[in-house]
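The values are calculated or read from the model by the stated rules, or taken from the named source; none is laboratory data. Bear in mind the structure is a predicted one, so any value in this text is a computation, not a measurement. Methodologically, a virtual Cβ is constructed for each residue, glycine included, from the backbone with ideal geometry; neighbour enumeration extends over all protein chains shown. Protein only, heavy atoms only, side chains kept; ligands, DNA and RNA dropped before computing areas. Shrake-Rupley method; radii C 1.70, N 1.55, O 1.52, S 1.80 Å.
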Amino acid sequence: MQVGYGATPVIDEVDLVVPDQTMTVIVGPNACGKSTLLRTLGRMLQPSAGTVLLDDRPTVGWSAKEFARVLGVLPQSPRAPDGMSVADLVARGRYPHQGLFRQWSTADESGVQAAMRAADVATLADRSVDELSGGQRQRVWLAMVLAQETPLLLLDEPTTYLDISHQLEVLDLARRLVHDGRTVVAVLHDLHLAFRYADHLVVMSQGRVVATGRPADVVTAELVRDVYDLPCRIIADPVSGTPLVIPEARP
Amino acid sequence: MSSPHVVLRRGRFSVRFRTRTVGVLVATLLAISTAAAYALVLGELDLSVPQVLTALVGRAEDPLTAYFVTDVRLPRVVTAAIVGAALGVAGATFQTVTGNPLASPDVIGFTTGAATGALVQIIVLESDPVTIALGALLGGLGTAVLVWWLTRATGLTGQRLVLVGIGVGAGLAALNTLLVARASLVAAQTAAQWLAGSLNAVLWPRTAVTAVAVTVLIVPLVVLARPLAMLALSEDVARGAGVEVQRVRTVVVLAAVGLVAVATAATGPIAFVALAAPQVARRLTGAATPGLASPALTGALLVLASDLVGQHLFSPTQLAVGVVTGAVGGVYLVGLLATQWRRR
């Protein structure tokens, strides 16, 4: 598959399978094409060559709403209109299940309640989104995507701007979703957390996928050095046993 | 929940309204009825409410009363409401699509373009009122095509649309000034009257045509109201939730441009209603996206009330409705800009 803006491809010759009911994490240095890959999977960009298949059907063939009932996307740093309440925003996630004459079914009601509980934002329902902290706001957006009730979720840097405990909170939520049978694909910057939470790791560099597999099998000091241009050692995380990158001292 | 809702369900059919929005709609309707009643009662020939009511049902004893109520004042009131509603809906659509409260047809040049079309008819071609209205229609649509062409690289979104629109509007305003400056005295006077935006001498035929056109253009907006509201959440989120962004945006923008052009063709430019009505509706309803019904009713009320003020406040001197909305709207725009800046 090849994707690009204009003439130059941003990602080139990418061949990728996202395994069902796992957490797939895409990592790589800035501008390596992580977000472009995710946006292509989410049908926000069309590949200039190749196809994306969802359940063996090319994604271009799905209707917009049909696609949104199977796959939910949380874009990078989304913004809500001024003064929009949390309950209002989360309710918008029900859009693909609604129609002109089916605007608020009981399924919509319970879907929104369940999503707000799952993302732990039920107590914020009446607050305005723009007055929340960064961590709360990110959980609210997650709740909106959860309200879509899709078996597949794409999260583009869901932990950006969050402190460590909020990052863990969001990733724990993603883990719970996978545990409940959903498939999550996330772009992450933090390698430590990526290696810790991923079932399936996709490492990208300069528009190509350079390694895929379980973090423990894939991550080596050579790989990180090649991809990030960073001499380092890899040790086992004392808590989870997953790989931990320790940069070498610099002169 | 802070904003309680009324939910109606029957079989597969279900709708949900915010209680406060329903309250605001009812209150606005009452205010519109009151303003309309005053507009029918007051005038050169002051009438009583019973006289107006009997005239409305066609039972007036005095033919002069019947004439004033049903043939002079009623078409004016109805046109004011329709034009105001059209401007309110168009403004709400533009502001939602672009996510920018300044992106109203007054600011981004469409109204100025409609004026250019009308001025060419009045001054260069010396046309009759119907052709002038057609010229305004073509001018507004032509300007929309020009702005669309200039922003085609980035699409009809955000800051770029506002800046390009302001630029196009400024160019057309200069052209308008030039046209008036080179016109004969009589044509210049007609032009100035048209430019002020007035409901004077509006009779039933024009009201009927405007009503039909506005209804036809509002239907697609009502059908697409929900995907339109999703666009307020930014393009990526809307697309992720299953909105066909490109198609929805194209249809609603075309319909909104059409509404502005029709409204301007009917009465001349009535300034600031499209800008202010959605913002007033947003504050009244307390909803982040006010929908279309509330901006429509707010727009209708604004035009109706402004026309009342223009006719009677400085009586016997009559002010054109566009002058009143312009004066009120100017103050409002300054306030809007000031609060926006403070938030930055």
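Estimate the FRET efficiency between A:SER110 and B:ASP71 by the formula 1/(1 + (r/R0)^6), using the beta-carbon distance for r and 56 Å for R0, to the nearest 0.05. Please report the intermediate quantities before stating the final value.
Working: r = 57 Å, r/R0 = 1.01.
The formula returns an efficiency of 0.50 here.
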Give me the Debye-computed log₁₀ of I(q)/I(0) at q = 0.18, 0.20, 0.26, 0.27 Å⁻¹ for the range A:165-246, equal point scatterers on Cα only, no solvent, two decimals.
-0.79, -0.96, -1.41, -1.46
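Per-residue Cβ counts within 10 Å, from other chains only, averaged over A:196-207: what number is that? If you can, show how the numbers build up before the last one.
Details: counts 0, 0, 0, 0, 0, 0, 0, 0, 0, 0, 0, 0.
What the average comes to for A:196-207 is 0.
Counting only complete DSSP H runs, which helices of chain B cover 27 Å or more along their long axis at the Cα atoms and score a mean Kyte-Doolittle of -1.0 or above?
Qualifying helices, which must be both long enough and hydrophobic enough, are B:19-41, B:74-98, B:129-150, B:158-181, B:204-223, B:245-267, B:293-312, B:321-343.
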Give, to the nearest whole percent, the P(r) tail of chain B beyond 34 angstrom, counting all Cα pairs.
26
Considering the alpha-carbon set of the range A:1-116 alone, what are its Rg and its Dmax in angstrom?
16.9, 48
All-pairs Cα distance distribution in the range B:1-122, expressed in whole percent, bin size 10 Å:
11, 23, 25, 25, 15, 2
Just to be sure I understand: with springs between alpha-carbon atoms less than 10 Å apart, which residue in B:ALA300, B:ALA238, B:ALA263 has the highest mean-square fluctuation in the Gaussian network model of chain B?
B:ALA238
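By accessible area of protein heavy atoms, probe 1.4 Å, what ranking do B:ARG226, A:ARG176, A:ARG196 get, highest first? Intermediate values should be presented prior to the final figure.
On the way: B:ARG226 55, A:ARG176 125, A:ARG196 85 Å².
So the residues, ranked largest to smallest area, are A:ARG176, A:ARG196, B:ARG226.
Return the tail of the calculated pair distribution for the range A:62-122, meaning the percent of Cα-Cα pairs more than 20 Å apart. Before the final figure, lay out the partial values.
Working: 575 of 1830 pairs.
Value for the range A:62-122 (Cα pairs over 20 Å): 31 percent.
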Loop-exposed GluC sites (Glu not before Pro) per DSSP, neighbour cap 15 Cβ within 10 angstrom, longest uninterrupted part of chain A:
A:14-247
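Largest first and in whole Å, what are the equivalent-ellipsoid semi-axes of chain A based on the Cα gyration tensor, each being the root of 5 times an eigenvalue? Intermediate results must be reported in sequence, preceding the final value.
Values: eigenvalues 199, 103, 50 Å².
Rounded to whole Å, the semi-axes are 32, 23, 16.
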What FRET efficiency comes out for A:THR160 versus B:VAL209 if R0 is 56 angstrom and r is the Cβ-Cβ distance? Round to the nearest 0.05.
0.55
So the FRET efficiency between B:GLN159 and A:ALA249, C-beta based with R0 = 60 Å and rounded to 0.05, is 0.80
Starting from the 7 Å offset along Cα-to-Cβ, what nm value, one decimal, do you get for the label separation of A:GLN21 and B:PHE13?
4.2
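Any chance you could list the semi-axes, whole Å, largest first, of the equivalent ellipsoid that the Cα gyration tensor gives for the protein assembly as shown, using √(5λ)? Don't skip to the answer; put the middle values down first.
Values: eigenvalues 619, 141, 75 Å².
Three semi-axes, in Å: 56, 27, 19.
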Using only the Cα atoms of the range A:64-210, each taken as one equal point scatterer with no solvent, compute I(q) by the Debye sum, divide by I(0), and report log10 of the ratio at q = 0.18 Å⁻¹.
-1.07
P(r) for the range B:245-344: what percent of alpha-carbon pairs falls in each 10 Å bin, starting at zero?
14, 38, 35, 12, 2, 0
